[in-house]
Amino acid sequence: MHAGWRQYFKQRLRKPSSYYSVGLEFGIDSIQVSVLRKDKESVRWVKQQLLPAHDWVTHLSRYVANESLTNTPCHVVMAASKYQVLQVDKPQVDAAEMSQALVWSVKDLVSHQDELTVDYFELPAQSAGANKVNVVALPESEVEQITDGVTEAGLELQSIGILELVVADMVNSNDDAILTLVQEAGQDICLNIIKDGQVYFSRRLRGYENLSTFSEQELQMGVGDNLSVEIQRSMDYFESQLRQAPVKRILMGIESQHLNKLTEIMAQLTFMTVEPLSIDIEKVDDLEYRSGLLGSLGAAFMQSNGLSYEK
């Protein structure tokens with residue numbers, strides 16, 4: 001635990017929160033905050049706030065105090081640009097030694113030389129002869145800052161997760177595979193193929209960082225064609241290499257004011273059912289869902305299959 005004992009006991013002595021959970025998504029320039037309250041048997045989305053990333057502990061502390069959120073369970077999700085997901089051979093070591101072995105496996109593959117915190121998630125299906133895992137890597141200093149800062153702000157940090165697993169947790173999938181495209185403004189597109197609530201295939205699509213700024217006319221001038229090619233490549237790999245039944249549906253969580261037009265274009269190009277990715281949730285009247293809130297709302301709903309790091 002990174003937080004000092006004094007801070008720890010101060011938090012434990014606070015009265016329980018009347019709120020269900022707080023979800024935080026840490027991006028490059030901002031932090032999205034989603035707050036849920038449980039009323040009888042239902043959970044409602046009741047608050048939403050955007051905080052600046054600069055001096056975020058001060059801003060978050062003030063918001064927690066002003067909104068009476070002290071001691072509320074908190075789940076964090078990292079925006080896609082804040083970590084890397086790398087697929088490597090699974091080390092043949094005991095479970096207790098796995099994390100350290102994976103650090104050595106990925107240290108030369110990451111884009112920085114900072115000390116790393118790593119976690120991993122298993123692959124439900126693999127190509128013939130493969131024994132790989134998906135490794136999540138991010139700077140250890142960032143995990144420590146988030147752990148200390150969230151605790152200092154008065155929230156009860158319970159987990160730190162990643163966007164890929166949050167999306168899998170929020171999508172109502174069954175035996176039929178679903179392909180999801182999730183992007184926040186200025187970020188890479190996260191492409192997942194999800195089946196039975198698990199990520200079977202995941203990759204980042206680069207070169208679409210400005211997609212949220214495109215007009216309807218610009219979306220029809222080659223962007224859709226390029227995106228449909230990437231989708232088809234991913235589905236081909238899923239079927240041929242992972243030996244899975246075809247994807248049945250595509251869900252798009254792209255932060256764009258022309259999302260409906262983009263789904264229409266992709267449906268025409270892929271000959272598949274394509275729909276906006278949305279979250280069916282009870283909410284107060286003045287809140288409106290958009291794709292850019294998926295991370296923080298998903299964090300607030302984070303279930304046991306999300307990645308978590310010990311505090």
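Where a number appears in this text, it was derived from the coordinates with a stated rule and is not lab data. Fair warning: this is a prediction, and the values are worked out from it, not measured in the lab. We place every Cβ from the backbone using ideal geometry, glycine too, and count neighbours over all the protein chains shown.
Key figures for this structure:
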quantity: Degrees separating the helix 140-152 axis from the principal Cα axis of the chain, which is the longest one; calculated: 50
quantity: Förster radius 25 Å - calculated FRET efficiency between Ser111 and Glu144 (Cβ-Cβ, nearest 0.05); calculated: 0.80
quantity: Highest-fluctuation residue, Thr72, Thr58, Thr147 considered, GNM on the chain with Cα pairs under 10 Å; calculated: Thr58
quantity: Helix 224-240 axis, angle to the chain major axis (alpha carbon atoms, nearest 10°); calculated: 90
quantity: Selection from Pro276, Cys190, Leu50 lying farthest towards where the dipole of the chain points positive, charges on Cβ; calculated: Leu50
quantity: Cα extents of the chain along the three principal axes, largest first (Å); calculated: 57, 52, 37
quantity: DSSP bridge pairs, the chain: antiparallel proportion in percent, nearest 5; calculated: 65
quantity: Sites Arg243 and Val284 - FRET efficiency at Förster radius 45 Å, r taken between beta-carbons, to 0.05; calculated: 0.45
quantity: Charge dipole (the chain, unit charges on Cβ, about Cα centre) - positive-most of Gly154, Tyr120, Phe26; calculated: Gly154
quantity: Within a Gaussian network of the chain (alpha carbon springs, distance under 10 Å), most fluctuating of Glu255, Glu152, Glu41; calculated: Glu41
quantity: Cβ-placed point charges (K, R +1; D, E -1), dipole of region 172-276 about Cα centre in debye, nearest 20; calculated: 280
quantity: Residue-count net charge about Arg249 - beta-carbon cut-off 9 Å; Lys, Arg +1, Asp, Glu -1; calculated: -1
quantity: Dipole in debye (nearest 20) - the chain, about Cα centre, beta carbon charges: Lys, Arg +1; Asp, Glu -1; calculated: 700
quantity: Region 112-221: relative contact order as a whole-number percent, Cα under 8 Å and 6+ apart; calculated: 18
quantity: Label-zone membership for region 173-206, site Asn226, 7 angstrom Cα→C-beta point, backbone N under 11 Å; calculated: 206
quantity: Residue order, fewest to most surrounding Cβ atoms within 10 angstrom, among Val166, Val88; calculated: Val88, Val166
quantity: Net +/- balance of residues flanking Val57 in space, Cβ distance below 15 Å, scoring K and R +1, D and E -1; calculated: -4
quantity: Within-14-Å neighbourhood charge of Val223 [Cβ basis; K, R +1; D, E -1]; calculated: -4
quantity: Relative contact order (%) - criterion: Cα under 8 Å, at least six apart; region: the chain; calculated: 22
quantity: Likely footprinting exposure, Cys74, Cys190, fewest C-beta neighbours within 10 Å first; calculated: Cys190, Cys74
quantity: Non-local Lys pairs in the chain, i.e. 8 or more apart or on different chains, that have alpha carbons under 19 Å apart; calculated: 13
